[in-house]
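Okay, structure first, notes after.
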Amino acid sequence: MKSIKNLLAAGALAIAGTSASAISLPESTFFAGFVWTMGAGPALTVKYVTSNAPDTAALSGGVSYYFENGWGADLGFT
């Protein structure tokens, strides 16, 4: 069951990366980093943000791999 979840998460990441690269939005960016989530522990994360300009609304989406709990995903609006 865990391998199926990992396969689905990898597929979602591949699809998200393909669609994000097909969209050309001004000032959009990707970033990767190390995060620590309360209750889930440490993780590596990759995110896409539609704008990096200050005082501008932005959408974001990402995938994280938690060392203790497997894969996670997030969507955001600021």
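Just so it is clear, none of the values below were taken in a lab; they were calculated from the coordinates. Here the structure is a predicted model, which is why all the values come from computation and not from measurement. Positions of Cβ are generated from backbone atoms using ideal geometry, with glycine treated the same way; all protein chains shown enter the neighbour counts.
Quick notes
- Annotation: the residues ASP55, ASP74, sorted from fewest to most other C-beta atoms within 10 Å of their own C-beta, follow the order ASP55, ASP74.
- Ranked TYR66, TYR48, criterion: other C-beta atoms within 10 Å, fewest first: TYR66, TYR48
- Euclidean distance between Cα centres, segment 29-52 to segment 64-78, Å: 7 Å
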